[in-house]
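First comes the structure, then the notes that go with it.
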Amino acid sequence: MKKLYIIFWTLFLGMNANAQNTQAQKDTAKVLEEVKVIAIAKKKIQTEMKMAVTVDEFLASSDNISFIKRGAYAWEPLLNNMSTERSTITIDGMHVFGACTDKMDPITSYVESNNLSAVDIKSGQEGSLHGATVAGSIDLKRKSTPFSSEKQYSGAYQTGFEFNNKQFFNLGNLSYSSDKFVADGSISFRKAGDYYDGNNNEVNHSQYNKFNTSVGLAYKTSPFSAVRVDAIFDKAKNVGFPALPMDLWLSRAIITSASYKQLFQHGLIRVWDTKVYYNAVEHYMDDTKRPENLVHMDMPGWSTTYGLVSRANLKRGDYSAEIQLNAYNNLSIAEMRMYPQDRSKRTMFAYSWPWVTTRFTSVAMNNSWDISENSRVNFGGSLGYNYNRSKYVEFNRIFHPGTAQEKSRILPGLHASYELQVKQFSFSAGTGYGHRAPSVSEGYGYYIYNSFDRYDYIGNPDLKNEISYEANASAGFKNERMGIEAKVNYFYIQNYIIGRILSLGSPMNYQSVGVKGYTSLDHARLFNMALNANYNILQHLHWKGTLTYARATDDKGGNLPFIRPLSYQTSLHFMYKSIGIQTSLNGDLTQINYSPEYGEDQTPAYMILNISANYSFNIKNCKTVLQVGAENLLNEYYSTYADWGNIPRMGRNIFTSLKFSF
Amino acid sequence: MEKAIFFLAVVCLSVISCTKEKTDYEAEIATVVTEHYEFKEAAAISSEGYTISIEALNGTFYKGYNEIRLKITDTRTNENIHASSVIFLPVMSGADGSNTSCPHLYDLTYNADDKYFTGYAVFTSESNTNGSWELYTSVIINNKTYPAKQNITVQEQPNKNLNMTAFTGKDGEQYIIALVSPQKPKVAENELVAGIYKFNKPTTPPSGSFPDPSQFSYAEVNDYTLQLDPRMPEPSMGNHSSINNKDLTQQSDGLYYGIVNYTMTGNWTLNFIMLNQNGKILKGTEVPTDFTPGVEGVKSELYIDILF
């Protein structure tokens, strides 16, 4: 083990000597009281509206995240209006990859709100610390209790019921901390039936069952070092996907890691944290509950990843930096087996992911330098190496004769930004450049049925790297009573990967209408804008509003799919003593720039009104919060631009929840 | 740290045991396809102190295309004997007294490196009560002819990838198309090899001692084209096809070579259109290319079904 440390040291020192690229680090801890040192302000896992949120609902409250929804469960997060291939989604820096070819299991579906402490969202190349990206990064931070000088127990239990889909949930977590040892544990159950839309019609196949548990143990090996092991186990069963022709029978994930952390009192390096991890995801679909299916098909998928993430925080005077080494190996396997109507006949078999290995290594650095009291420069970069190997490359060679079994790519990334504070005004401007490799599906997918546009998708191993050039800027004003901030970003993406109709080839899945191959557009442009404002009307009455707009076009000026129309959210929050009342109004305007070419139709405008109230009181030393509320109070019938197959969203939902914490 | 590693190891092991087993892809195809590599003796004929050993894959003659190897040894010394020529003629005697043959190489070619004669026979039926097969050979050693015959058994070909079809073309000739390769296709681009044979109708009545080779003459047809359209006939597959296939054309060894792409395992129909050297269609029809889920795929009037 010692030798390993020395190797890492040398590696880091070497990197520091020729550090060309880097980013922002505001503080570094000096004593090991926190197990985590996170530079960026964290968001707590609860929204203002609702305290018992799912991870999806929580992410939805961020203004640069939107969702593709295939049902009530496992929403696919879109960052800056870009799908998950373009962002890196990690859990404490660990890469986890879903095992479903139809993206029914984004990583966010394998965690639960009670084992997360925060979600760290970074836009664009600033997020390249965790790996090559175009859209940015979403890092789900797990809960980890700090060491304490006295023995302490803390915990919370939360239960609730939501009337629309009869969701009943129980979430519990317990922590123990002492001077030397910390233990965190959590467990959760959620069970929901079908939900009802705004016309009070049942949306069939929208039920779900989820079980999640996690454990984390930390041991202080010296005043300045600690080891920690973590594990999350997640199991979802009998999950309906109303927008898809099949459901989920079972998915299971185990996410494990062991880390070592060292703090330094003196010198340039302040924290060094190294973690090895292993995770395995299995995902089995089920179409037996859909009698309309002509052909029964098994579609199991497996994804196994192991890796290393090692990071160091540096600080000297006005300069601070973060260096991170990432390395992982992923094996993605997905099978399809179709059963003929005459079951005595031979089944038909193919791989939709023919045992695709991805190996990725990157070194990334973010630097931050305070030039003066009120201005700062952030700059950084990453250099990644991506390797793919398709074990059964003969599948890929059917559409791409002679393609190589192995493919290596170099993925560079650079970014820089400048922040300026002038009295109550703040400004920032930044730019970035980065490459990303095609995902497993984009590179090696084989007849992956997409029920949105009803095409079978074929990957292309020889796709070029997607290259992003981005610019971003923000301006804000803040005083005691109010704040307003405008943020814009613009991406010019070369070799933008998207599915295009292949005139050759016929579909394999009986619902599909044709075959699409992943190809590179010459370029695409994306523009995102968000305007946030808050105003304290009275001491106990606060107003908040958000307006977002996005526009994206391909190289011929046509619209790209899944781009959020002009949307708004406005909320009022009243707090007096132990009573809180919140109300919010949100909606999208009519989707003007939709893309029929990619299977979209125009989605009309909608507006949703939500309201909730909570009351806090103490039972002995136990803090108790009772909450009652209603989402979609007016029972509006609607579906959003990103609802797969225009399935209607949930109608009026009355929710209750009770939380005890000590 | 050790505890941590132990803990991780336990967790990892518990996960490696997946709920559903992954498919063993190599074994998957082998469930319905038997592949034979080895030539074994399928028949032995003794003739005046010489033993003529006829080898076929797996030591069995199957309906369809059979590559054969013929070795001659001295029965007493067991030494390999070099013959100057070997002629080979399979004949089926029907229960009704008819005699027919099948496509075969009459004058076997000598493989000097491995010291055996090589040829082929495309048996058009299995041995059964309606007919039995006999091999007539004639070996010339030191200018002396040693004729011999041997009853053989032709078995059903269990591997559908070596299927054959016999038909009458629009020119009134009798044709046989037999699949030669691949024995064991993959979900991949496969080189498809077939033999196309024509019965040379005798112009004169039989003469001489039985069998008169002129009555049983078959030939490989030259410069034909076999247009290929592979499709999955299963109704749920909706007439699914593949891309980048190539029509079969004749190569120097007389066989026809093309490319077939199988996109998944299962039943496939190779729809053919056979054109003669002048591009005239002798057999076969175009098949619909529409995607028709729920409807069994329409086949060409000339096709061979395979399964893997």
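The values are calculated or read from the model by the stated rules, or taken from the named source; none is laboratory data. Owing to the predicted nature of the structure, the values given are computational and were not obtained by experimental measurement. Here Cβ is always computed from backbone atoms with ideal geometry, including for glycine, and neighbour counts include all displayed protein chains.
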> When residues of segment B:173-197 are filtered for being part of a strand (DSSP E or B), charged (D, E, K, R) and either under 13 Å from B:I304 (Cβ atoms) or out of contact with any strand residue (DSSP E or B) (no Cβ under 6 Å at 6 or more places or on another chain) (or both), how many remain?
Replying inline: 1
> Filtering segment B:42-70 down to residues that are out of contact with any Lys or Arg (no Cβ under 7 Å at 6 or more places or on another chain) and charged (D, E, K, R), which residue is surrounded by the fewest Cβ atoms within 10 Å (Cβ to Cβ)?
Replying inline: B:E48
> Does A:G198 satisfy the condition of being assigned to a strand (DSSP E or B) and on the phi < 0 side of the Ramachandran plot?
Replying inline: no
>> If I filter segment A:607-651 down to residues being of a type in the set (A, V, I, L, M) and in a loop (DSSP other than H, G, I, E, B), which single residue comes out as nearest to A:S578 (Cα to Cα)?
In response: A:L633
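Condition check: part of a loop (DSSP other than H, G, I, E, B) and among the β-branched types (V, I, T). Does B:T285 satisfy that?
Here the answer is yes, as B:T285 does meet what is asked.
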> Residues of segment A:422-441 being surrounded by fewer than 18 Cβ atoms within 10 Å (Cβ to Cβ) and either at pLDDT below 95 or of a type in the set (A, V, I, L, M) (or both), which ones?
Replying inline: A:V422, A:K423, A:Q424, A:A429
> Out of all the residues in segment A:223-246, is one or more surrounded by fewer than 19 Cβ atoms within 10 Å (Cβ to Cβ), under 30 Å from B:P293 (Cα atoms) and within 13 Å of chain B (Cβ to nearest Cβ)?
Replying inline: no
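Residue by residue, here is whether (1) of a type outside the set (D, E); (2) modelled with pLDDT of 95 or more; (3) farther than 26 Å from B:Y262 by Cα holds:
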{"position": "B:N143", "(1), (2), (3)": "yes, no, yes"}
{"position": "B:L192", "(1), (2), (3)": "yes, yes, no"}
{"position": "B:F216", "(1), (2), (3)": "yes, no, yes"}
{"position": "B:L226", "(1), (2), (3)": "yes, yes, no"}
{"position": "B:S236", "(1), (2), (3)": "yes, no, no"}
>> Which numbered condition in (1) more than 10 Å from every other protein chain (Cβ to nearest Cβ); (2) in contact with an Asp or Glu (Cβ under 6 Å, 6 or more places away or on another chain); (3) modelled with pLDDT of 90 or more is the only one that A:D286 fails?
In response: (3)
> What are the residues in segment A:384-409 that are away from chain B (no Cβ under 14 Å), farther than 20 Å from A:W302 by Cα and in contact (Cβ under 8 Å) with a residue 40 or more places away in the chain, if any?
Replying inline: A:G384, A:N386, A:A404, A:K407, A:R409
> Got a sec? Which of B:K170, B:K149 is in contact with a strand residue (DSSP E or B) (Cβ under 7 Å, 6 or more places away or on another chain), over 24 Å from B:G279 (Cβ atoms) and surrounded by fewer than 17 Cβ atoms within 10 Å (Cβ to Cβ)?
Replying inline: B:K149
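With respect to A:T274, determine if the residue is under 30 Å from A:V363 (Cα atoms), in contact (Cβ under 8 Å) with a residue 40 or more places away in the chain, within 14 Å of chain B (Cβ to nearest Cβ) and assigned to a strand (DSSP E or B).
yes
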> If we scan segment B:95-110, do we find a residue that is assigned to a strand (DSSP E or B), under 19 Å from B:A42 (Cβ atoms) and aromatic (F, W, Y)?
Replying inline: no
>> For segment B:231-270: of the residues being hydroxyl-bearing (S, T, Y) and assigned to a strand (DSSP E or B), which is nearest to the other protein chains (Cβ to nearest Cβ)?
In response: B:S241
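Going by what's in this entry, would B:S209 be described as over 30 Å from A:M297 (Cβ atoms), assigned to a loop (DSSP other than H, G, I, E, B) and at pLDDT below 95?
For B:S209, the condition - over 30 Å from A:M297 (Cβ atoms), assigned to a loop (DSSP other than H, G, I, E, B) and at pLDDT below 95 - is met.
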>> Given the criterion within 14 Å of chain B (Cβ to nearest Cβ), out of contact with any Pro (no Cβ under 8 Å at 6 or more places or on another chain) and among the basic types (K, R), identify the matching residue among A:K516, A:K487, A:K464, A:K478.
In response: A:K516
